[in-house]
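Read-outs: derived from the displayed coordinates by stated rules, not from any lab. This structure is a prediction, so every number in the text was calculated from the model and none was measured. Here Cβ is always computed from backbone atoms with ideal geometry, including for glycine, and neighbour counts include all displayed protein chains.
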Amino acid sequence: MVSARPAVQQLPAYRPGRNPADLAREIGVDRAVKLASNEVAFPPLPAVVEALAAAAPETNRYPDNGAVVLTRALAEHYGVDPGQIATGCGAVMLCQQLAQSFNEPGTSIAFAWRSFEMYPLLAQVAGARAIQVPLTPGRSGGPADTHDLDALAAAIDDTTRLVFVCNPNNPTGTAVRRPELERFLDAVPAGTLVVLDEAYREFVTDPEVPDGLEVMRGRPNVAVLRTFSKAWGLAGLRVGYLIAEDPAVAEAVRKTYVPFSVSTLAQAAAVAALASEEEVRSRVAAVVAERGRLTAALRERGFDVADSQANFVWLPVGEQTAELAAALEARAIITRPFAGEGIRVTVGTPEEDDALLAALDAVRAAAPVP
Ligand SMILES: *Cc1c(COP(=O)(O)O)cnc(C)c1O
């Protein structure tokens, strides 16, 4: 009998979120609302739909393996050299490539916890040790929801090849500000690569939260990870990118690229999305306005919600998490629970968020929460 590597056998099986159509059928309603995956609710940009149609007749050919056109468009957009860029089949694939390129058994990957669920798995697959540094309360008396960068810097040792700083943090929505981030980067040894995971950068409105591409400048051990899946609305097409200060970092990541994994359609769509930046900005502004409304409505209901800099909010409901998420699901609202910690809720359309708020009110009326 064949057997997988022990590290792989121990990986948890991927548990996809509930499919809204299945849930709606199961509980006998017309439509369920999915607020679980931080997608934007808008349909694809018109220019993206056109680009996909235009590229479709070329899909009998392999994609451009170097994603030359997309890489050039990104380089122009961000004012960097194409050599500083690596594109990937979603930012998650770039996370995996980073671990493959920089980690081997005996090394470690450091990150805050709770943060993006992928980080511990990366370490496990690479045979590296995961160094998890607990979040700290962002407000006195509040829940632990914010990076503790001093503790993260202190936890790095001479085995640490990679550090992820998810800013804003998934799932808590909090973001670190410029002085603390710069102090952290000053403290990290030159042989440790800091990856600023900015999957939600476009939704940041706090001017004190720095753009990773700015703080990266002059720091050869820093790289920024971004994605087209969230603000740009291409989650189903799978395209992300890494921009590194040192071209050698980007080159190392390109070396572990699975050939052709950014498809022809994904490349064409991403180029079209970049060219539609104005429209994306106005969509983001709508999400940000709705984020404010949803946050206020949740606080009115007694939830201790931190200011979010992303397109989701965090309900730190602790031990009530599983029960509350199940009760919402029974009312056709799909969220992302983290058992024992809290529930992450994507900012939806105003109608979707009103459905969430009504479901919360109904749950509480049925079983008042202490
Ligand atoms: C969604 C997300 C990503 C990347 O998503 P892709 O769809 O793989 O590009 C990366 N990091 C964080 C923190 C995310 O939430």
Note to self: Which residues does the label zone of Ala362 cover in segment 314-339, counting backbone N under 12 Å from a point 7 Å along Cα→Cβ?
What the structure shows: 327-334
Notebook entry, point to check: Counting only residues 5 or more places away or on other chains, whose amide H sits under 5 Å from the amide H of Val133 once H atoms are built in the peptide plane?
Noted result: Phe111, Ala112, Trp113
Next item on the list: Just rank Asp30, Asp211, Asp81, fewest to most, by other beta-carbon atoms within 10 angstrom.
Entry: Asp30, Asp81, Asp211
Check: Which whole-Hz couplings ³J(HN,Hα) result when phi for each residue of segment 326-334 is put into the Karplus expression 6.51 cos²θ - 1.76 cosθ + 1.60, θ = phi - 60°, listed in order with x for Gly and Pro?
Finding: 5, 5, 5, 4, 5, 9, 6, 10, 9
Notebook entry, point to check: In which sequence would Ser3, Ser261 go, from the one with the fewest C-beta neighbours within 10 Å to the one with the most?
Noted result: Ser3, Ser261
Notebook entry, point to check: When the label point is put 7 Å from the Cα of Ala296 along its Cα-to-beta-carbon vector, which residues of segment 302-318 have a backbone N closer than 19 Å?
Noted result: 302-314
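So what is Rg over Rh here for the chain, counting just Cα atoms and using Kirkwood for Rh? The partial results should precede the final answer.
Numbers: Rg = 20.7 Å, Rh = 21.5 Å.
Looking at the chain, the ratio lands at 0.96.
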Item checked: Mean Cβ count within 10 Å, highest first, over the residues of peptides 7-19, 168-180, 32-44 -> 168-180, 32-44, 7-19
Notebook entry, point to check: When the Karplus curve 6.51 cos²θ - 1.76 cosθ + 1.60 is applied with θ = phi - 60°, which whole-Hz ³J(HN,Hα) does each residue of segment 266-272 get, with x for Gly and Pro?
Noted result: 4, 5, 4, 5, 5, 4, 5
Next item on the list: Sort Cys95, Cys89 so the one with the fewest other Cβ atoms within 10 Å of its own Cβ comes first.
Entry: Cys89, Cys95
Next item on the list: Restrict the search to segment 286-370; then list the GluC sites (Glu not before Pro) that DSSP places in a loop and that have at most 16 other Cβ atoms within 10 Å of their Cβ.
Entry: none
Notebook entry, point to check: Once amide H atoms are placed 1.01 Å from N in the peptide plane, what residues at a sequence separation of 5 or more from Val305, or on another chain, have their amide H within under 5 Å of its amide H?
Noted result: none
Next item on the list: Could you go through segment 64-76 in sequence order and give the Karplus-derived ³J(HN,Hα) for each residue, using 6.51 cos²θ - 1.76 cosθ + 1.60 with θ = phi - 60°, rounded to whole Hz, and x for Gly and Pro?
Entry: 5, 5, x, 6, 4, 5, 5, 4, 5, 4, 5, 4, 5
Notebook entry, point to check: Cα atoms only, segment 253-360: Rg and Dmax in Å?
Noted result: 17.8, 51
Margin query: Taking amide H atoms as placed 1.01 Å from N in the peptide plane, list the residues 5 or more away in sequence, or in a different chain, whose amide H sits under 5 Å from that of Arg161.
Written below: Ser108
